[in-house]
1. Which residues, taken from region 195-230, are over 11 Å from Val184 (Cβ atoms) and part of a strand (DSSP E or B)?
2. Does any residue of region 87-101 turn out to be without any contact (Cβ under 8 Å) to a residue 40 or more places away in the chain, in contact with a strand residue (DSSP E or B) (Cβ under 8 Å, 6 or more places away or on another chain) and either in a strand (DSSP E or B) or of a type in the set (Val, Ile, Thr) (or both)?
3. Mind listing just one residue for me: the one in region 141-194 that is assigned to a loop (DSSP other than H, G, I, E, B) and under 18 Å from the mean Cα position of the chain (by Cα) and, of those, farthest from Glu210 (Cα to Cα)?
4. Within region 20-42, work out how many residues are surrounded by 14 or more Cβ atoms within 10 Å (Cβ to Cβ) and either of a type in the set (Phe, Trp, Tyr) or part of a helix (DSSP H, G or I) (or both).
5. Take the residues in region 17-52 that are touching a Pro at 6+ places or on another chain (Cβ under 9 Å) and without any contact (Cβ under 8 Å) to a residue 24 or more places away in the chain; name whichever of them is farthest from Arg242 (Cα to Cα).
6. For region 163-182, give me the residue count where each residue is more than 15 Å from Asn220 (Cβ to Cβ) and surrounded by 23 or more Cβ atoms within 10 Å (Cβ to Cβ).
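Taken together, the values in this text are just the output of simple stated rules run on the coordinates, not laboratory data. It should be emphasised that the depicted structure is a prediction, and the values quoted were computed from it without experimental measurement. Neighbour counts run over all protein chains shown; Cβ positions are idealised from the backbone, glycine included.
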Amino acid sequence: MNDLLDEFSATGIKAAVAERYSQVAQTPSGNFNFPVGRKFAESVGYDPVKLDRLPRGAWESFTGAGNPQPYVALRPGEKLLDLGCGAGLDLCLYAERIGPTGKLYGLDLARPMLEKARENLRQAGVDNVTWLHAPADAIPLPDAAVDIVTANGIFNLSPDKDAVMREVARVLKPGGRTVFAEIVLTEELPVDTRREIGDWFRCIGGALVEADFLSRLRANGLARPQVLRLGRNARTGHELARCAVIRAEKPL
């Protein structure tokens, strides 16, 4: 796809993202300009032994920014919201740690992806999940609803990142935290790298410089943002991009 980004409104970008990731759900072996599937999941650190235990559908459509799993410290009984949950790979693994007394919410803008996640969690024997078909900048949950918000590449795909951050802060309980994997930049990209909607799909067209990302988290109600890990960018292949795992908190 070579449609110019400046021809898209924010609503148009969200619709295009939903359409493209619906295709990933329905045809994971298709031709995409970003990595999809198990090989990619293993390349960013997902344990193949754990993947073997999960339904194939949970990893065949995986297309996150990285692997937040080692950094998401969970306690049994907590409430967790996964933004852009995709086919449910991360949710399957979080469910093992939160246990049956906890509560999971999976949100995605692409309905076929959400339906696939629902089936994958059912096959995995997880039934404490509520599914939310909605954009990340309008989360259909009340204030202070969850202990933790996770995500894997959702900010890059969102045209209004500040609105997403405000929503994350709103639905977190005081003292709650957000931990997510995201593509960040070491410096601003050349203009021609952000020209087409295809650049947006591969999480480079909408990427922020690391310092700007952390500053926006603070400005939108999330305290003490910090980069827990900054490593190789397996998602976009661009020399200015890095994969970061970031944590922030909602003040008490």
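1. Across region 195-230, the qualifying residues are Glu196, Ala223, Arg224, Pro225, Gln226, Leu228, Arg229.
2. Within region 87-101, one or more residues are without any contact (Cβ under 8 Å) to a residue 40 or more places away in the chain, in contact with a strand residue (DSSP E or B) (Cβ under 8 Å, 6 or more places away or on another chain) and either in a strand (DSSP E or B) or of a type in the set (Val, Ile, Thr) (or both).
3. For region 141-194, the residue satisfying everything is Leu141.
4. Total satisfying the criteria: 13.
5. Of everything passing the filter in region 17-52, Gln23 is farthest from Arg242 (Cα to Cα).
6. Looking only at that region, the number is 1.
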